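Heads up: the structure comes next, in structure tokens.
The values are calculated or read from the model by the stated rules, or taken from the named source; none is laboratory data. What you see is a predicted model, and the numbers here were worked out from it, not measured in a lab. Note that we place each Cβ from the backbone using ideal geometry, even for glycine, and neighbour counts take in every protein chain shown.
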């Protein structure tokens, strides 16, 4: 996903001279083509992510659409004050790209696990949170963020994920949209980010018969779609590679609860959340291993 995103961003930078890329001393074997093609619009600021965010805000004030790039926690948790005050408060045209969502850097331990980032980023006014699920969505996310005016957060994986969506024309992943992957009855599974592939594989392997939707953006959902899903299915299950506190599943519960409270739904649907328990998982291992340790599966559902 990260390769697809940066490759697409490079293609877009050839067409849009406002795109500027900053990195925190990483991205080797990924960012070099961009740096070579656009040396005046690329800067490695070193291991100084807070400064990188402030530099990005300054460049945005000069008219650039700036992308900051670093590993999971470092352009996000380490920079929350700068993101809040320098970027979001001023509605600056800065896109924070975190590579290594969830447990993608599992062997490096908790310091590299990005498991609270969605909750923190979606709480800040003006921030648009995007978590592509596969290379097809990552390509669409690059196109969207290259045009979007204002703060954005893109959470991408790095493990050579295979495409879940059919390749072809550019996907429409505008905020609020939910993309159907599987039809089904009784239960619908809503998910965001790279765990989508594992969800689809599990639904297919176990013959669960669940409908599956991908939600590339967290928040700002199409209320008509939420109403339809809430009325059509007995159970809504959310799955995310993020802590349960404040993440994607929480955003779905909030949106449906508000819809019910405003009279838009005759009754609340049953909603079950699958996510990382609200504790630090201090083990090291592969992304798949840590997903298993954290119970990120549909094992308690179906047959």
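Couple of notes before you dig in:
- Whichever residue in the range 265-282 is exposed (fewer than 15 other Cβ atoms within 10 Å of the Cβ) and in contact (Cβ under 8 Å) with a residue 40 or more places away in the chain and, among such residues, is nearest to residue 231 (Cα to Cα): 280
- Within the range 130-160, considering residues that are under 14 Å from the mean Cα position of the chain (by Cα) and at pLDDT below 90, the one farthest from residue 239 (Cα to Cα): 158
- Checked against (1) modelled with pLDDT of 90 or more; (2) surrounded by fewer than 17 Cβ atoms within 10 Å (Cβ to Cβ); (3) over 24 Å from residue 65 (Cα atoms), residue 174 passes all but condition (3).
- Scan of the range 199-214 for residues that are touching a residue at least 40 places away in the same chain (Cβ under 8 Å) and within 22 Å of the chain's Cα centre (by Cα), ordered by number: 199, 202, 203, 214
- Qualifying residue in the range 181-191 (condition: assigned to a strand (DSSP E or B), within 22 Å of residue 229 (Cα to Cα) and free of Cβ contacts under 8 Å to residues at least 40 places away in the same chain): yes
- Residue ID - surrounded by the fewest Cβ atoms within 10 Å (Cβ to Cβ), chosen from residues in the range 26-43 that are farther than 15 Å from residue 64 by Cβ, at pLDDT 90 or above and in contact with a strand residue (DSSP E or B) (Cβ under 8 Å, 6 or more places away or on another chain): 35
- Test: residue in the range 125-138 that is part of a loop (DSSP other than H, G, I, E, B), touching a helix residue (DSSP H, G or I) at 6+ places or on another chain (Cβ under 7 Å) and surrounded by fewer than 19 Cβ atoms within 10 Å (Cβ to Cβ): yes
- Given (1) in contact (Cβ under 8 Å) with a residue 40 or more places away in the chain; (2) touching a helix residue (DSSP H, G or I) at 6+ places or on another chain (Cβ under 8 Å); (3) crowded, with 18+ Cβ neighbours inside 10 Å, number of the condition residue 223 does not satisfy: (3)
- Residue match in the range 83-95 (condition: farther than 21 Å from residue 19 by Cα and either touching a residue at least 60 places away in the same chain (Cβ under 8 Å) or buried (at least 24 other Cβ atoms within 10 Å of the Cβ) (or both)): no
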